[in-house]
Each structure stands twice: as C-alpha cells, then as structure tokens.
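The values are calculated or read from the model by the stated rules, or taken from the named source; none is laboratory data. Keep in mind that this is a model prediction, so the values were computed, not measured. Note: areas computed on protein heavy atoms with side chains; ligands, DNA, RNA excluded. Shrake-Rupley method; radii C 1.70, N 1.55, O 1.52, S 1.80 Å.
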Amino acid sequence: MSRVGDGWRRLPRDTRDSLFLLGVIAAVIAPHADHLPWWSSALTLLVLGWRGLLAWRQRPLPSRWWLLAIVVPYTALTWLSYRTLVGREAGITLLVMLMALKTMELRARRDAFVVFFLGFFLVLTQFLYSQSLLTAAWSLIALWGLLAAVVLAQMPSTEAQGVPSIAVAARHAAGTTALGLPVMVLLFVLFPRIAPLWGVPTEAIGKTGLSNQLEFGAMNEIANDDSIAMRLKFDGPPPPPDQRYFRGPVLTRFDGKTWRAPDPRPSQSWLLGRDELVTTGPALRYEVTLEPLRISVLPLLEMSPGRVGSELPLTDLVLVRGTELQWLSPRPITERLRFNTSAHLAWQAGERRNRLQLALDVDLPPSANPRTLAWATRLAAEPRFADLAPGPRAQALAAALLEHIRTQDFTYTLTPGRYGVESPHVIDEFWLDRRLGFCEHFASAFVVLMRAMDVPARIVTGFQGWDAEPQDGYYVVRNANAHAWAEYWVEGRGWVRSDPTSAVAPNRVIQGQALRPQPGVLGQFNPTLWRAMRNGWETVNNRWQQLVLNYSRQNQFDLLKRLGFERADWTGLGQALAGVILALALAGGAWIRWSSRPRDAWSRLRLAAVEELQRIGLPATSAQAPLTWARLAEQRFGPRAADLVAVLHRLEQIRYAKPDHQRHQGRHRRLLAELRRSARPLAPDR
C-alpha cells in the first residue's frame, strides 16, 4: 500500500487530478447503470477508460472529430431505445455520455467547472429513480467527491508547499458539507410541501408485483422476490393467521390458460353487478406503508368498509371501490403511500345477483380442458349431492374438492416446471397428470372445477400473511407473500372465500409461511445470521422511510404545534421559515465579521497597538510599520514619548523576528501591556 501511495504522490499533478476526477465521475454515474441501457453503460465506461489512459500516459486529448464520431452513434442508439431524445430516460442517458465526453475537453478551468456542475445535476437525478437510504448515502459520498474536486482545482501549486494534497481538499470539502447540513435539515423540516410542486417522482414501477391477469407460472416471478411490499402497524392485536388476506385484483374471465379482470368498458359494466357489502363486528384499525406497485389496485386487508362506488382519499390520490370490492386507483400506484385504514374480519358480500350475472361467473371456454370438465361432471353427479339445495350443494362441492386436494398426491412447490408446452389444456395437465404447483395452479383449477359444476366462482389475487417477527413494531408483508385464492357464490349468503392452497400446504396459510427461493451463499452458510442482517437493514430502512420519505405537511403542522405556534397552518409555517432565514442571515453576518478579524498573533497585536495609538491622538493605521508610528509619536509628543518610542522599536524587532519568536503569545501580551502603560501619560485627558 505504501508503494501505491508513493507512486500516486509522484504522479504529475494533471495526471493525478484527472484520474481522481474520473473516479468521482464513475461514482456519480454508477447508480444510473441499473436503469440505463447496457450499451450506454459500456460506452460510458469505454470513454472514461480512454480518458484515464490518456492521462496516465500524458498523451494529448483527441480532436473534436473523434468526439463527434462517438456522439452521433450514441444519439442514434438513444433514439432507437426510447424513440425520443427528450424525457427523463432519454435525457439522463444523453447527459451521462455528455459528461463522459466533456472529460475529453479538459483544456481549461472552465471546462472542469462544466464537468463539476454536470456531476451535481446527475447526483440529483438519482432521486428520480430511488430515494432509498443507500441512494442517499451514495449521493452524499459522490457530492463529497465532487466538492473535493472543485476545491482541488482551485488550490495552486507552490514551490514551498508543492502539489496540493487530495486529502487536504477532501477535508475542506467535508467541512463545507458539514456546514451546509444544518441548513439543509432546517429547510427540509420547514419548507412548505405544496403539491404538486414539492417532491420528485418516486421510485419506478416495480419489476415484479401483482398483475391484472394471471396465467400458469406468472406467480413464480413475484414469489421469488423477497423485497418488501408493505408494512403494517395495528392499533391492537393483529388478526388471526387465517384472516390475513389482502384483497387485490379480482379475475373473472378465463380463456383456457389466462385469467383476466372483468371487461372495464362502460358498455360491459352493467353486466358485472354490484357486490353489496355488509360488515359486522368491531373494526380493526391499522397503519399501512405501501411500496410502489405496478397495478392500479390497492391491496387492503379483507374486508375494508365502503360500498361499491365509494371513495377513499389518500393524500393526492383518490381510490374508488370497484364492483368486486377491490379499491381501484385512476393510475398505477408508483409512489410510496402511508395511510391509516380499517377492516372488518366478519363480512358478507354479493348476496343478491341476477341470473345473467351468475351466468358470467360460471362461463368457461367450451373446448379447453375437456378431461377436467368431464371429471367435474362425474363428481357433481354423485348421489351425495343430488338432494341438496343450491347453497349447501355449493358448499359440499367445494369441500369435496378441498378433500381431494388434501388426500391425493398434490405437491406445493415453486418449481413445478412449465405447463402447456405439449398441450394447451393446462388445467388437465395440472389436475389429472402432474399435480405440481403453487397457489395460482390450485386456485385456477378450483375455480374451473366449481364453474364446471355450475357454481359461480372467481379468482382473487393479493397477499396473504407476513413475517413471523415484527420489525421496529411493523409487520412486514413481502412480495413473496403474493397469493391467489378463490371465491365461490352460495345462494342466500353471497361470496365465500376458499383457499385451496391451505389443503395442500397448511403452513402457507395458517402460519403465513410463503415459499422462499434458495438463499444466497451467506443464507446457505448461516440462515440465522442472514435473516438477522436482513431484518436489521430493513429496520433501519424503515426508519428512513417513516421519518424522511414520509415526512409530509401534516408532520410540519404537528411540529408547529409542539413548538407552541397558535396557528399550525401555512401562515405559521411561513413565519417559522422566515424566522429561520433571519437567524441564518444573522449567523452568516456574525460569521463574516468574526472571520474578518485577524487570526495570527502579530496581526492581533498590531490591531491592538493601532487602537491604543489612535486613542492618544496619533493618526496610526494598520498599513504602517511600527517605525512610522514611532516617528509620529516623536513629532507629536517630543521627549515625553521616549518610553512609547522604545516600545514601538521593540515591536518593530518582533515584526521581523523568526516565526517561532513571532508567535510567542506571552511576550506579545507583555509588550502590549508595556505599550499601554507608556501611552497612558500621553492621553488627551492627562
């Protein structure tokens, strides 16, 4: 390491500073590699590497023609990737390359400052994609590096001190950053949150998540995603395990392989009916922190109150209760939401449905899965179901299907293999042949069989269960808790939840234990340590989200109340902000005045001597030498000033003494005391 450090210090300054700046630029650009096209990251890395090689070998910079040869294909690739050269993604892609290319034009200080300010802007754009704690920490480090590069660019090389140190520049940059942090915190706390002017676009839509349709294998992607979907905090005890269902998209249309949501067109809406909801028992109140989704359905604990068509306002988003009792958003939920809501564990929905609506709920494609339909027909024809009324018959058929799943050799697994490769009849292949699958397979087969036996049924997707141990007081629901279950219709009662997965994997529902993919190396070596590390990080990240990302104008008003403001509103917030700005201005003025005072011992002594001489009537200034002050004293006071002149001559000797002698604090104080004693008899009042 010492050899590397010595070699680094022996580099020419231009080479060393250029390599340091390139490293900082790479740190600024690195977070964008996750969402930029692969070719953009590769070309940017190639340009930065080329520039570093030129700096290392001290070669001249390329001509403008070389840069043009890079810009033209890069711009063309950007157009081919986004079909535009404006907008967030295309703009940041071009900005990254322009910053890299600008390093090829570092011929003057102004070119370096262009790179610096492009870097500051790119640091800001990272928050357009993610506002996580890691992103904030990395951005702070990148900001520190850029400030260190700015300071380094303005530090001259001198014969006495040689080439300026990067470490010294970094310390100055850290000091500047530390001075700005209190101001940043105050502005963050008090600056008005005025929608939509406040805030930046939050994290992009998740790569995995619930969907408005379901086909065999679709749940496998999200079931392998162990990231957090939402956090919950209950006012009282949480609901029992078999009641931890979060209702998301409801799927009613089936084409033999894929389930889809009802047709949203207005011309078809009259066919859907309205599932009237009746809730009983006490309300269970809880707080939700929801991560961004890729759907326009808000998954809430079954069953939240509200009739069909009612509204649920959430900050700047208003949701509407859908006909299948799900909460619909006017747009995909691509922002983190924090709100309070409630649920009733005892509920009844959809008791009244007409024949046309019931016919839609038993509809099946006639040519799909013929063997399964024949199997269902044989089951429904058994004598034990012949004399039952429609309601009890539906319940008995559902119980028979669950018993069949429980007693036959069905297996619950995340790796069932692909269905529909050799035959389009995926339900036949699952129910009668392979019998391997997870929630979506069992729910799909259950609903198809119920419909084949003339019982209205549909699929509900969402989440079920959460982590066994709460984190920081919050129960964590992960994307791996994504689930699919069934609802079938019972005459005189309405829709009844039935989860076929509970028949083959009771722990999945009773204990909320979702299947997990194989852990990484650390997870295989020490699963307990891995879970502890993951939970610890998620707890810290949750604090960041609750205290920083979810800090809203209501939090600002609550802060004003705690500070004693009579009006906790925009007026009070403006007064508090004006007071902070005034205090900062006064503190800045005091700092400037203090910093303008002399720092070294000789300057302080000279200033005190000038004040003393002016007090006795001499026109002394700090720009004059002590010998000049002595001549002025002789001219003004004659022989009476002999003692004062002697002190001033000694002061002249100290002025040009060796530095160690010059900084001798005790001698300076004694000399100043002698000057005051010798000047006192010459004062005008004497």
Can you bin every Cα-Cα distance in the chain into 20 Å intervals starting at zero and give me the percent of pairs per bin, rounded to whole numbers?
13, 32, 27, 16, 7, 4, 0
Computed [θ] at 222 nm, deg cm²/dmol, the chain (DSSP H ≥ 4; -39,500 (n - 2.57); rounded to nearest 500)
-15500 deg cm²/dmol
I'd like the accessible area for Phe120: 1.4 Å probe, protein heavy atoms, all chains in place, Å² to the nearest 10.
50
Mind checking which aspartates and glutamates have their C-alpha under 13 Å from Lys102, skipping anything on the same chain fewer than 8 residues away?
Asp111
Whole angstrom only: what separates the Cα centroid of segment 548-592 from the Cα centroid of segment 56-117?
42
Which percent of the accessible area of the chain is formed by carbon and sulfur heavy atoms (probe 1.4 angstrom)?
59
If each part is reduced to its alpha-carbon centroid, segment 451-512 and segment 290-323 end up apart, in Å, by 19
Rounded, prolate or oblate (a/c below 1.5 giving rounded, otherwise prolate when a/b exceeds b/c) for segment 325-449 by Cα gyration tensor
oblate
With angles folded into 0 to 90 degrees, how steeply does helix 166-190 sit against the dominant principal axis of the chain? Use alpha carbons for both and round to 10.
60
Tell me, in nm to one decimal, what length is gained between Val362 and Trp65 on full extension, where the rule is 0.36 nm per residue of separation less the Cα-Cα distance?
100.0 nm
Please calculate how many Å² of accessible area the chain carries per residue, with a 1.4 Å probe and no DNA, RNA or ligand atoms counted.
52
Whole-number percent relative contact order across the chain, with pairs defined as alpha carbons under 8 Å at least 6 apart
11
By the Cα gyration tensor axes a ≥ b ≥ c (a/c under 1.5 gives rounded; else a/b larger than b/c gives prolate, otherwise oblate), the shape of segment 316-388 is prolate
